[in-house]
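S.K.: Structure below; questions to follow.
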Amino acid sequence: MSDWFEELAGLLRIPSVSADPAHAQDVTRAGEWVRDFIRGAGGSAELVDWHGQPLVIGEIAASTNHHQAPTVLCYGHFDVQPPDPLALWESEPFEPEIRGERIYARGVADDKGQLYTLLAGARALARAGTLPVNVRFACDGEEETGGHSIVEFLEADERGADAAVIFDSGMISEDRPAFSIATRGLVYFHLECSTGRVDLHSGSYGGAALNAAHALIRTLDALIATDGRLAAPLREGIEPPTPQELEDWAALPGGAAELSDQGARPADSRATEEFYLRTFAEPTLEVNGIESGSPQLEKTVLPVHASANVSLRLAPGQDPDTIAQVFQRLLAAATPDGAELAVARRSSARPGIVAPDAPAIRLGQDAFERALGVRPALIRTGGTLPIVAALADRGIPAIISGFSLPDSNIHAPNENMLARYIPLATDTAAALFTALGELH
């Protein structure tokens with residue numbers, strides 16, 4: 001077995017599920033693993049308690065003239081999504097396994113495996129005495145539940161950096177790299193709908209008493225997108241893509257293939273044609289989960305309580321506070337008479353934009369092209385990284401890339417990466433740090 005596998009497996013075996021309080025100590029253990037790796041690479045690092053959230057802050061100094069060398073800030077997160085449903089995993093989620101060409105484990109693509117390659121790339125150059133930049137690591141253990149601690153840390157950190165590198169994204173397709181120059185924001189809500197004191201006999205009261213499940217469904221249906229577009233108030237502030245971006249997106253794999261490869265079905269007749277516009281540049285509303293009554297057992301009740309988790313992905317240019325207020329106002333207007341709706345805002349993050357002409361982006365593209373033989377395309381991403389907006393506020397250009405693939409099953413059972421991408425990404429990270437030495 002490859003040396004990298006055994007080393008990375010030590011991190012992947014830690015069930016650092018930040019959404020589950022029972023795994024709080026495991027999140028801390030994962031942070032300790034990252035801290036100890038940086039120290040073992042010759043750097044300095046500490047596990048910091050940032051208002052109850054673990055952060056790893058460390059640095060591997062440039063091999064020579066570190067006081068004059070550029071500083072590259074590397075971000076990654078060491079927490080992971082919950083592994084359930086466990087029955088759908090073909091191997092234990094926290095016991096890494098190589099099957100065929102791929103390594104399977106929760107967190108191997110998002111984001112422990114990718115963070116590992118940044119760590120290992122910096123270590124390789126440091127051990128060779130050829131690291132031309134100071135590589136500062138700022139890593140958190142709550143990205144999967146909000147990612148606010150790293151944002152607050154950056155706002156308080158006065159040191160700054162010349163560039164940032166984040167490997168928490170993916171390839172367009174196998175061996176087709178990309179840099180994301182914009183990320184969507186996020187506002188996450190929990191909804192509780194109540195229509196009475198206790199569940200009722202559906203035969204005695206059905207058709208006469210207000211059903212909480214019906215009320216919540218009707219409320220949400222009034223806000224769900226029609227033909228891929230939310231109501232105009234929820235689209236306020238959108239920064240539309242440029243003609244050049246639209247031209248570049250047209251060269252990406254077709255939307256029909258992107259959906260069918262995941263076993264997904266188009267939301268409507270134009271969904272495949274507008275795939276990238278909708279996932280890169282439009283806000284979306286998704287019901288992430290809904291619960292009421294007895295969804296499994298045959299139980300003829302009329303439920304008077306219903307709940308749902310709902311997320312809004314925000315397009316670049318939108319403000320989470322503004323859109324949250326609009327969303328709550330529209331919900332209130334759509335709630336049927338007699339139903340009581342309680343809305344709790346759980347988390348939020350701003351969209352982020354990176355200047356495509358920043359010198360760090362050009363140097364990064366050059367480095368990737370040397371390492372991989374292919375120049376990264378500049379695209380947007382539909383996901384959310386709270387740190388990107390915080391970096392933009394500090395004037396730090398971010399190279400957001402990665403090596404996961406569309407079928408890496410991120411956030412799903414059987415999460416995976418191509419095994420050959422671990423050493424390849426490590427070499428690419430080293431090439432990237434070398435290229436960024438030219439920033440000064």
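S.K.: For a quick check, take a GNM of the chain with Cα springs below 10 Å and name the residue from VAL287, VAL198, VAL187 with the largest mean-square fluctuation.
M.R.: Among VAL287, VAL198, VAL187, the largest mean-square fluctuation in the Gaussian network model of the chain belongs to VAL198.
S.K.: Now a separate question. How high is the relative contact order of the range 62-168? Use alpha-carbon pairs under 8 Å, at least six apart in sequence, and give a whole percent.
M.R.: On the way: 150 pairs, mean separation 51.8, N = 107.
It rounds to 48 percent for the range 62-168.
S.K.: Using the alpha-carbon atoms, what tilt in degrees (0 to 90, nearest 10) does helix 3-12 show relative to the longest principal axis of the chain?
M.R.: 30
S.K.: In whole angstrom, how far apart do the alpha carbon centroids of the range 66-98 and the range 119-194 sit?
M.R.: Centre-to-centre (Cα) distance: 12 Å.
S.K.: Please give the direction-averaged projected area of the C-alpha convex hull for the range 332-410, in square nanometres with one decimal. Kindly include the intermediate steps, with their values, before the conclusion.
M.R.: Values: hull surface 35.1 nm².
With the hull built on Cα positions only, its mean projection is 8.8 nm².
S.K.: Let a ≥ b ≥ c be the square roots of the eigenvalues of the Cα gyration tensor of the range 283-340; is it rounded (a/c under 1.5), or, if not, prolate (a/b larger than b/c) or oblate? Show your work: numbers first, answer last.
M.R.: Values: a/c = 4.75, a/b = 1.91, b/c = 2.49.
Oblate.
S.K.: Thinking of the range 11-93 as a set of Cα atoms, what percent of all their pairs are more than 19 Å apart?
M.R.: On the way: 1634 of 3403 pairs.
Counting pairs separated by more than 19 Å, the tail of P(r) holds 48 percent.
S.K.: Using all Cα-Cα distances in the chain, what percent lands in each 20 angstrom bin from 0 up to the longest?
M.R.: 24, 55, 19, 2, 0
S.K.: To the nearest 10 degrees, how steeply does helix 320-334 sit against the main Cα axis of the chain, on a 0 to 90 scale?
M.R.: 10
S.K.: Right, next: Of ILE166, ILE422, ILE290, which is the most mobile in a GNM of the chain whose springs link Cα atoms less than 10 angstrom apart?
M.R.: ILE290
S.K.: Once both labels are modelled 7 Å past Cα along the beta-carbon direction, what's the THR64-ALA22 spacing in nm?
M.R.: 5.5
S.K.: Please report how far the C-alpha centroid of the range 409-427 lies from that of the range 200-276, rounded to the nearest whole angstrom.
M.R.: Taking the Cα centre of each part, the range 409-427 and the range 200-276 sit 29 Å apart.
S.K.: Describe numerically, in nm with one decimal, the distance between label points set 7 Å from Cα along Cα→Cβ at ALA333 and at THR226.
M.R.: Using points 7 Å along Cα→Cβ, the separation is 1.3 nm.
S.K.: Just how many % of Cα pairs in the range 216-282 lie over 20 Å apart, if you round to the nearest whole percent?
M.R.: Details: 856 of 2211 pairs.
Result: 39 percent of Cα pairs exceed 20 Å.
S.K.: Rg to Rh for the range 145-242: what is it, with Cα atoms only and Rh by Kirkwood? Could the numbers behind the result be given before it?
M.R.: Numbers: Rg = 22.6 Å, Rh = 19.5 Å.
When Rh is taken as the Kirkwood radius, the ratio is 1.16.
S.K.: Apply the Karplus parameterisation 6.51 cos²θ - 1.76 cosθ + 1.60, with θ equal to phi minus 60°, to every residue of the range 347-352 and state each ³J(HN,Hα) to the nearest whole Hz, in sequence, with x for glycine and proline.
M.R.: So the J values, rounded to whole Hz, are 6, 7, 8, 7, x, x.
S.K.: Now, a different point. Could you tell me how many degrees, from 0 to 90 and to the nearest 10, lie between the Cα long axis of helix 24-40 and the main elongation axis, the longest principal axis, of the Cα atoms of the chain?
M.R.: 10
S.K.: Let me ask something additional. Using the Cα centre of the chain as origin and beta-carbon charges of +1 (Lys, Arg) and -1 (Asp, Glu), tell me which of LEU47, ALA182, VAL287 is placed farthest towards the positive end of the dipole.
M.R.: Checking the options against the dipole of the chain, the answer is ALA182.
S.K.: Within the set of other residues whose C-beta is less than 11 Å from the C-beta of GLU438, count the net charge using Lys and Arg as +1 and Asp and Glu as -1. Mind dumping the intermediate values first?
M.R.: Values: positive: ARG362; negative: ASP162, ASP366.
Around GLU438, the surrounding residues sum to -1.
S.K.: Assign one of three labels to the range 255-380, namely rounded, prolate or oblate, based on the Cα gyration tensor with a ≥ b ≥ c the square roots of its eigenvalues; rounded applies when a/c is under 1.5, prolate when it is not and a/b is larger than b/c, and oblate otherwise. Please list the in-between numbers first.
M.R.: Values: a/c = 2.94, a/b = 1.89, b/c = 1.56.
Prolate, because a/c is 1.5 or more and a/b exceeds b/c.
S.K.: With the calculation restricted to Cα positions, what are the radius of gyration and Dmax of the range 377-440 in angstrom?
M.R.: That works out to 14.5, 44 Å for Rg and Dmax.
S.K.: Who wins for biggest fluctuation among GLY121, GLY146, GLY237 in a Gaussian network model of the chain, springs between alpha carbons below 10 Å?
M.R.: Highest fluctuation among the options: GLY237.
Computed from the coordinates by the stated procedures, all read-outs in this text should not be read as laboratory data. The structure displayed is predicted, hence computed values, not measured ones. So basically every Cβ, Gly included, is an ideal-geometry build from the backbone, and we count neighbours across all protein chains shown.
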